[in-house]
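In what follows, a single structure is set out as structure tokens and then discussed.
Since every read-out is calculated from the coordinates, none of them should be taken as a lab result. Predicted model only: the values in this text are computed from it and were never measured. Positions of Cβ are backbone-derived with ideal geometry, glycine not excepted, and every protein chain shown enters the neighbour counts.
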């Protein structure tokens, strides 16, 4: 059946400019990381994308290694783009990234080399059937590649017309400042930064948000539900079919302190008349410096539940104070990881998103 989008789709979503640019993103964007490879049927992926677009979510965020297997999310998205969204391409913001393991050889692994970034984007464009992407990211800093080379590759990609805007993901405050200056010297603005951010991981608040604002860089957050911990599924135990049950590095993030914090957050969410997930998503957008937050979805129902966070986006002063008290019980939530070189990402798979 041919797809006819909801004609009132843009009435249901708020949009924000990314930093000083003219690029406007929906408050909720859809990330195609975990559920758009071979895990979900293509019919379910189609239903999720259609539902998102019908609700004004016109930003779809991918990466070369999203799947599984690597590349599958882009290939599936390309199939659905051709069948459902081709006539709406100019409405869409499509982003992808490169920097993690992808193909064999020294330039196919974890690197920020010009060879890897440009070759990877060419592969991504082919998989998705596109002439250009709207945003292309360096997915991670590389301690073994000069930052000038990585940013030079991004600038070249914009000048070649293969991406309209460029961004960085998983970069700390100091590297972000340096990256912005390098790109500016080449006449290409750094438009957007993509860090992880949630009620259980507030590391970007002390410095990165301020640095992004000072340089006119937008901020789009990922993992706002902390790999699912900020949902009601983990209030009692770790379900057998959950991501934490499947992945050791996710499960390692759960402990008694985190579980107690989740219970207190859930109690506050109930007082607000929201689910824990809805409150957690709405909270990531309280700071006006956050342009958008990325959500994932395994089902249409999950996506709809996430979008419902926009029905109650405001927090009282008392609620924000309560959230601060609850999360400040665990100082690690505010501790910024050492992202001065990118070595932390090599050592910690948590950020490989």
Hey, what's the Kirkwood Rh for the stretch 127-181 if you take every pair of different alpha carbons, in angstrom?
11.8 Å
Could you tell me what a quarter of the Cα convex hull surface of the stretch 72-228 works out to, in nm² with one decimal place?
9.9 nm²
Of the DSSP beta bridges with both residues in the stretch 10-100, give the percent that are antiparallel, rounding to the nearest 5.
40 percent
At a 10 Å Cβ-Cβ cut-off, how would you order 150, 145, fewest neighbours first?
145, 150
For the stretch 1-135, alpha-carbon Rg over 2.2 N^0.38 Å:
1.07
Of 331, 146, 68, which has the largest mean-square fluctuation in a 10 Å C-alpha GNM of the chain?
331
What's the exposure ranking of 258, 166, 286, going from fewest to most Cβ atoms within 10 Å?
286, 258, 166
Add -39500 (n - 2.57) for each DSSP H run of 4 or more in the chain, then divide by its residues: what number comes out at 222 nm, to the nearest 500 deg cm²/dmol?
-10500 deg cm²/dmol
Within the chain, what percent of beta bridges assigned by DSSP are antiparallel, to the nearest 5?
15 percent
Assuming 1.002 mPa s and 20 °C, estimate D for the chain with Stokes-Einstein, Rh taken as the Kirkwood radius over Cα pairs, in µm²/s.
105 µm²/s
